[in-house]
Every structure is written in C-alpha cells, then in structure tokens.
1. Read phi for every residue in the range B:13-19 and hand back ³J(HN,Hα) as whole Hz from Karplus 6.51 cos²θ - 1.76 cosθ + 1.60, θ = phi - 60°, with x for Gly and Pro.
2. By how many degrees, between 0 and 90 and to the nearest 10, does the Cα long axis of helix A:77-88 differ from the longest principal axis of chain A?
3. Please compute the contact order of chain A in relative form: average sequence separation of alpha-carbon pairs under 8 Å and at least six residues apart, divided by the residue count, as a percent.
4. Just for the protein assembly as shown, what percent of DSSP beta bridges are antiparallel, to the closest 5?
5. Quick check on packing: order C:460-468, B:224-232 by the mean number of other C-beta atoms within 10 Å, highest mean leading.
6. Is the C-alpha gyration tensor of the range C:276-365 telling us rounded, prolate or oblate? Criteria: a/c under 1.5 is rounded; beyond that, a/b larger than b/c is prolate, otherwise oblate.
7. Quick check: the distance between the Cα centres of the range B:44-81 and the range A:1-79, to the nearest angstrom?
8. Sorted by accessible area with a 1.4 angstrom probe, largest first, how do C:K118, C:K447 fall?
Amino acid sequence: MSILVAIITLTVISTIFGVLLGYTSVKFHVEGDPIVDKIDALLPQTQCGQCTYPGCRPYAEAITSGEAGINQCPPGGEATMLALSDLLGIEPVALDEEHADEPQKTVVYIDEQICIGCTLCIQACPVDAILGAAKQMHTIIENECTGCDLCIPPCPVDCIHIKTVKPEQDTWRWSLPASTETAPKA
Amino acid sequence: MLFKTASSPHITQKNSIQALMFKVLLAMIPGTIAMIIFFGWGVLINIIIASVVALLAETLMLWIRKRPIKPYITDGSALLTACLLALALPQLAPWWLTVIGTLFAIVVAKHLYGGLGFNPFNPAMVGYVVVIISFPREMTQWVPPLLDTYTQLNFTETLSIIFGGDLPLTYTWDAITMATPLDTVKTQLGLELSIKEIEHHTIYGPMFGSVGGFGWEWVNGLFLATGLYLALKGIIDWRIPAGLIAALLILSNTFALYDYASFTPPSFHLFSGGIMLAAFFIATDPVTAATTTKGRWLYGAGIGIFIFIIRTWGAYPDGIAFAVILMNMAAPLLDYYTMPRAFGHSWTEFPHHHKVDDDE
Amino acid sequence: MTRSSQQLWHFHGGLKLDSNKAMSTRTPIIKASLPERLVLPVQQHIGEAGQLLVKVGDKVLKGQAVTESSEYISAPVHAPTSGTVVEIGEFPTPHPSGLNTLCIVIESDGEDEWIELKPTLYPNTKSPSELRQLIRQAGIVGLGGAAFPTSVKVNPGPKAHIETLIINGVECEPYISCDDMLMREYAEELISGCSIIQYIVSATHCLIAIEDNKPEAIQAIKTVIKEKALHTIEVVCIPTLYPTGGEKQLIKVLTHKEVPSDGFPSDIGLLVQNVGTAVAVHKAIVLGEPLISRIVTITGNGVQQPQNIEVLIGTLISELIKQSGGYHEDASKLIMGGPMMGFTLQTDHLPVIKGSNCILVENTQAEAPATMPCIRCSACATVCPAQLLPQQLYWMASSKKFDLIQDYHLFDCIECGCCAQVCPSQIPLVQYYRFAKTEIWNQERDKIKSDHARVRHDFRQARLDKEKKERAEKLRKKKELLEKKKMAETAAKKEDTETEIDPKKSAIEAAMKRVQKKKEAKLASDENVNEK
Ligand code: SF4
Ligand code: SF4
C-alpha cells in the first residue's frame, strides 16, 4: 500500500516537473545560434589562419561544433583563451609552449625599392590593407594591417618584412607587479 | 644617472603584518598572566609547547611549499595561532593533545588551504574543534582557579602531569581538576537546579565569584581592557567584538528576563569562559572574518548568537570554536551582500545586481 | 555675502600624512635662468595632439604658437622663449613608460623677445565665448596635474548651469608647495583669474578652498579679497586630509554632493579649477601671455636646496636640479608629482611639461619590503576615498578578471594610493589597478581594431563573393554567347553544308555539264570529223 503511495507521489511529481520543464523550454527558447557570433566577436580578427582554419569565423564555427579547442589562436594569446573559457564556461586550457608569452603586435611593410608590382600580396591580404596596381609599387596601410603575415609567402621577390608595433605613451601598459606570493589561481 | 622606478605611493610605510600580529600578542599578555595566576603553570607550559610546535610546523610547511621562510616565520601569525589555541585548552591537557591541536591548526587548517591569507577557517579554532571532538575526556582537565579548597600544583608537578600523565602521589584527578563554571551550570541545570540554587550551592557556589566565575572575571576583564585598547588604536576592528557582545547581551538578557531560574544572567555570559578572548582576539582574525563594515557587525553578532545557542542548548559547554567556524563559513556571503556603495554610485547598482542581469 | 560659517562635510576614508612642505617654502619663488635648449612635447594635455606650425630652422618668438589643432579637446603649445627650432623628433618626456614622443627642440637666442601681445584689460567687455577662445589660444590646461584643456572645462555646455566655481588650492599631497607659494605671491592675479572664470561660466559665487596647513596663503588671499571688496569670492579653510585635493573629494567636502560616477561636476552645478590655472587664465586674458611657464616645486631629501622655481615649459629637469644646488649623493629616486600619486622617472634629461607640479628627489635606500599575501584586513577599504573595495579589486586584477573588476568600479579608483599606503602586507595595490586599467583600455583598442578588421574582412569576402559571382555571371554570359555563336555557327554550318551540298551538286552538275559539254563538243567534233 505505502509503496503504491510512494510510486504515485513520485509519478505526480515527475509529471509536474516534466511539464514545467517542457513549458520553460518552449517559453524561453532562444532563437538561432548566436554563439558563433559571440565567439567570433572575441577573436582578434587577424584572419591569419594559424588556428588551422581559414579565418576567424571558421575557427569560431569549429569551436562551436567542438571540433577545435579554445587555445589555438596565437595572436589572441592568453587573453583570448581566457575570454573564450569565460564565455563558454569551460576550463582554461594552457597555450602551447611557444605561444605562452603574450603575442607581440606586428605589422608588415613593403620594401618599395624591390616591389615589382605583381599584385600577389593584394590577393592574399584578408583585410584589403595593401594598395597597389599591376606593375605599380605596392604599399601597406599600416592602420589596417592585422599582422597576419599571409602576404609574405606569395611575394616572389621577398620584399615584405615584419616589424613590431612600437609601444607609444598612450598605448603603453603597466605591468602586473611581481609578487612573492601568487594569487590563488582563479 | 639612472634612478629606481616603482609604482606610487612612494612614501615608505610602517604598517606590516608583523607589527600587527605582535601588537595583538602583546595585548594578550595581561590576560595571560592572570590566567597563569589563577590556573597555574599549565597555561604557560601549554603556550610554550604550542608555540614551539607551531613554529616548527610552519617552517616545515613553508619549506615543503617552497615559500620564503624568513618573512613568513617572522610575521607572528603562527605564534598568535599557537597562543590562542593554548589559552583555549585545559591547563593539564597532556602534551600530545596540545601538539595534535597545534599541528592540525598549522598544517591542515592553515597551510593546506594555501597558507597565510588563504585559510577560510580560523586555524586555532579548527585545532580546538579537532581535539575537543577526538578527546573529550582530556579536554575537561581544567584546573580550578586558585581556591582555598583546592591545591595549587607547582611547576614541576604540572610538568610531570602534562608530560608524564601521572599524578603526584598525593593527588587524585578529582582533587586537582574540576568542571568550569559553564560546565557546572549546564550539568546542574540538567539536574533541575535553578540558577540561584547553583550559585549558592555549597560546593559549586564559590566558583561563581561575583559576576562570571571566580578567576574568569579577572581574565575576561583584562582581555576586555587590552582588547578595547587594540580596537581604539584601530589594530583590530571594533565592530566584530561590538557585534558579538551586543548579540550575546541582548539574547541572554531577553532569556534571563523571561525565565530567571533556568537562564544564566548576561553578566555571567559575558565574563565566563573565553568570551572576551574570543570577541577581541579570536573573532577579529582578519583572514577569516567578514571584510565589509556591515558584514563585520553581522559576523560578530552571528558568533554571539551561536555562542548563546550552543551554551544554552548545545552539547558543548562553550561553543566559541564552533560559533567562530560557522561564521567563517558565512563570511564570503556576508561580504558579498554587504558591499558598500561606491562613491558617485547609487545603492541600486551593485555587482550582484549586475550579475543577476548578466545571468538572465 | 559672508559664508564664513561654511559647513563642511567628510568624504569616506582618507589619510593624515606628514606634509613635509616646509622644506620648500622657506624661500620665495625664484625664476629659473634662461636655458639654452628647450624640449617641447607636442602633446602635453589630455586629448588630441596639435599639428606642427614650425619646421626645423624656423625662428620663433617667445609666446609664438608652434602647434595648432582643429580638434575640440586640444591645446596648442607655444615657444617659451625666442630662438630657433633646431630639431623636431622623438624625445623622452616625463611619462611612467619612459617612452619617447614627438618634441620640438628650440635653441634660445638669449633675447627672450616676446611676440606682440594682445592684452584684454577689461575682460568684461568681451563675451564669454570670446574669452574661451582666448584661453584656448593661450594653450591653458589644468595645472593641477591632469592637464585637461581648460577651454573645454569652462564650457560646460548649454544645458549645465554652473552655480559655484570652486578654486582648488588644497594641494593635499605631501612635499608639493607650488600652489601654496603661488597663492602667497600671486594672490591678486589669482583673484583676477577667478573673477574671469566666474564671469565666463556665470557662476554666482566662487569658493577658494585651502587646507588649514597653509595659513600664509589664506591670509594673502583674504587680504586681496578685502581690498577689492569682492563679495562673491570666499576663502574656505578646510581640514588637512589626503586626498581632499581630488576634485570629487573636494566637492564632497564643500557641498556634500557626490559627482555621479559617469558624470561631471557641471552636472551638479559646479566647476573646479586649480589655483595655478586661474593665474594662467589671468595672464592669458589680462596680459595676453600664453601658457609658457609654470611654478615647479623642487623638493625632497635627495636635493640640496628644496625650493619653488618658476620655469619655462620645456626646461630640462637636470637644469632645475642644478639650480637647486644639485643632488645629495644618496639621491635614489626621482619622482614627478607627489609621493602618493606621482610616477618615477629614470633620468633627469626630461623636460618640464605643463602638468608637472613637482620634482621630488628621494633618498630612501631601503629595499622595498617583501610583499606578503593579503590578510583581508580591510584597512584598504577603510581609507579608500572612492568607497571601493581595494582588496577585491586586487584579487580580480591579479587574476585578470577584467569584466568583474569593472562591476566593482575599478574606473572610479582615483589612484590616490591610500590603500597601498596602509596595507600591512605592502601589496603595491595601485600598480595592480593601473595594470588592470591599461589592460582593459588595451583590450578595448584591440576590440575596436578587431571589429574593424572583421568589417574589412567581411567586406573583402563579400567583394570576392561578388566578384566570383560576377565572374561566374560573366562566364555564364560568355558561355551563353559562345553557345549562341556556336549555335549560330552550327546553324550557319548547316546552311553551309546545305550550300555545300548545293555546290557539290552544282559542282557535280557543273562537272556533269562540263562532261556533257565535252561530250557534246566531242560529238560535234566527231560530227565535224565525220563531216570532213
Ligand atoms: S588608490 Fe583607488 S582603491 Fe586605493 S584608496 Fe585610492 S581610490 Fe581607493
Ligand atoms: S590592506 Fe592589504 S592586506 Fe589588508 S585587505 Fe587590503 S590588500 Fe589585503
């Protein structure tokens, strides 16, 4: 008898909760899949392909599908990885040894003496940061360059070089104090 | 010429953890001396055992955790923990009891949680709770305060009891130890005696002294005095003892008014057991207390409430350690919900309000 | 109107510090000797840098503008003396980073010859906006240290109504005494400047706030006010407490009002100006002189003769130290600004800029004490004038929780240093906040940059897609065309074949005809032969 009561009670409770759950899932249904957008928004948009995907958005899609990890973006470095881990609620993953240091911001410039005006680099630049026309000297708009270095391999005369962006007074950053005791790993 | 660079402020400052801890330790001396006078050499021996063990354990743990030893060993925090624990233990507690309590406090409660600044629970109180749960019998070995009817042990006798466990031939355990006033009240109330009857009992009566138990009054009075001095100097936060005492006072007063026969009066509550030591020296441990102003009021009051509850209805005669640990657990929550309003902001925009928005 | 019974309030926290001001107020302000070389950073203010008006080799006169800007939040820079522009390039300037910025180097010709000045003896004859324009042209920025263009500050917008002008003579940082000395020696100019600013923003009254540890300054100003019988300007003596000189803290003390976190004093009907700025305004309007000099306190235990010097902007610090008797041999730290908020300099080969109020030379040799872990004592929260939780901010900064830390109002921190000053664990708290702030700004810049890159990438992608489509379209069209052509061709071929068939036929026919003809001819000849 009492077991019957127990069974009935449990059934009723589970039904109620089932209905409730069903109702909320319908009521609070989220449209679309903004997560790819959110991930994409966190990526540095260098479009360099170093994550092994052909650009930032494809990488974002790969993260969403679970295909890629969150630690594959060298230009974003630790900051991006942490932001992704925050967004997705997953544990931070250590970056590869070689990317562990904060990425240096770089841009490229064209040695205009050597450039032969072949336009190959223009075709490689993902953000249209290279100006030039066939048989004319090319030049890079430094402000637009993301430092992806994709234009370097196609250049037949190796006239594109990397330079680090010099820190300036108003972009300079204070460093984290070195303390004897490390803060708890959060 | 190249000059040194550093971030501001550039004034050499004098505050340090070391100064803080040693001032607190100094302030404990008068009360401790009173305890030695009333309860015999056992107090001092306990303090010495606990301090030596604490410093050794601290050094060992720092070495294992690869921390610089000198700044941490000289900061005085281990010493303070040791002294607080030693004062809370019975005077004739066997040496190993003190050692176990101290080891537990330093190794487990402090270093396994990350060392100075990171331990969520008051190490001394954790050590105390561990021994009182594991060795309840040994924990009753309190020496009665200097009374004519009882014999005062000398230093060597105390030493041999603590280290050898044997009593000098002429004594029996009953002759040299007795329950504390708090214990007695509890037992006798259980035997259906009224407070008045207990206070005028031929055997137990004398130990109640004039307010909170003979000897205890002095000890508590001195801790109160030096504690007030520390609070005045801003070395400890006055809100925690204020909250604790206020809560205890209000509760005990209400209940005593309600039923004078079965609830002890407020004066007894405040001056018996280790209340003043707890209020000014234990509960004010910054690492484990709440950090906001309002949070500290609540934190102190919470301890007071728990002490009253445990004393009155609980299984242990004095609930300070449990009360402190319970409120340690509540401290982060208290901090979170008592955040002050930042300058130029309204009361409604608080981080936890933000959080709610974010989660929606 | 006398409001001598002005009620005062408190802000939360604050610290009582040893003022150490006496060492530099023993002697009156001296005038620095004319330096041979002046290094003028193009940007000495908050906002946009101006464009250069001079080139290397140009002769300039004292007070001649060398930069100009069309941006609203900007201030021009003027040549502090007459001479020649000898170099324009990157030089180190006083900044915590120690990095270089664009500077104009002027070699003095020793004449110190002024450009033609246009004084306005009666400011009331000009409209407020004209006066604002004059202030802007004079390159005046807040001289309290923040260096925000004054012309912008005295234009609170059409909606704001400024009731009270507060002149900040608090100077709460230890050691610094340039404002104190300025008030003692330039009281008249100060009052004149106050009246002008008051007129510009049409404030009904003006409070000059001075800490009670500067009785001489208070006396000097009170005397001038009495002499001139000014009823709307009043000196308020306030208790010495660091950081009362902070704009928001001062407002709280004087009015009990709190400037909203995301707002300006003008939102609550107030405007705060530094005393030095007021004097600069006087000079700019009444004398027509642009901002080319300022008073700098040279002080500290590391320098022989602490004093206040009036120097031309662009003078090297080393020069000033020389004129103050040089360093003590144990000088160890060179600080620009006060000991609480100033920043250290690596070298003294840096120019004085508009915002430099103090050069502090320290001789502390002791190594910084070891940082201990935070013991959550909350001493920091007790003294924080912004009512923040410095300890929480510290945890979040050290674990790089840059979102959360903003919820705890990191950006309300005024970097006053009170928290670090009392921390028993000697944690360099302010550096953590500066780290977090600059990191967050950097992330914001990166975000803007990456958003921009995304737009450009998407644009390019779209363009490529379009091109691809267009190409495909073209190809299709071409193909179609080709197909049509082919069809046409095949059609033509068909016709051709038809016509080819025809010619064949005709050829055959022709051949046949020919054959016929031949045959006929043969027949005929045969007949002929036969006839023969
Ligand atoms: S530096 Fe910032 S956090 Fe520290 S006391 Fe000053 S305002 Fe508060
Ligand atoms: S003053 Fe220092 S030790 Fe105390 S709570 Fe603040 S940061 Fe922690």
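The values are calculated or read from the model by the stated rules, or taken from the named source; none is laboratory data. Here the structure is a predicted model, which is why all the values come from computation and not from measurement. Cβ placement follows ideal geometry from the backbone for every residue including glycine, while neighbour counts extend to all protein chains displayed. Surface accessibility is based on the protein's heavy atoms, side chains included, excluding ligands, DNA and RNA. Shrake-Rupley method; radii C 1.70, N 1.55, O 1.52, S 1.80 Å.
1. 10, 9, 5, 7, 4, 4, 4
2. 30
3. Details: 218 pairs, mean separation 29.4, N = 186.
It rounds to 16 percent for chain A.
4. Numbers: 43 of 66 bridges.
Percent antiparallel among DSSP bridges in the protein assembly as shown is about 65.
5. Details: C:460-468: 11.8, B:224-232: 17.8.
The densest-packed peptide leads the list: B:224-232, C:460-468.
6. Values: a/c = 2.46, a/b = 2.12, b/c = 1.16.
It is prolate, given that a/c is not under 1.5 and a/b is the larger ratio.
7. Their Cα centres are 49 Å away from one another.
8. Working: C:K118 155, C:K447 90 Å².
Of C:K118, C:K447, the descending order of accessible area is C:K118, C:K447.
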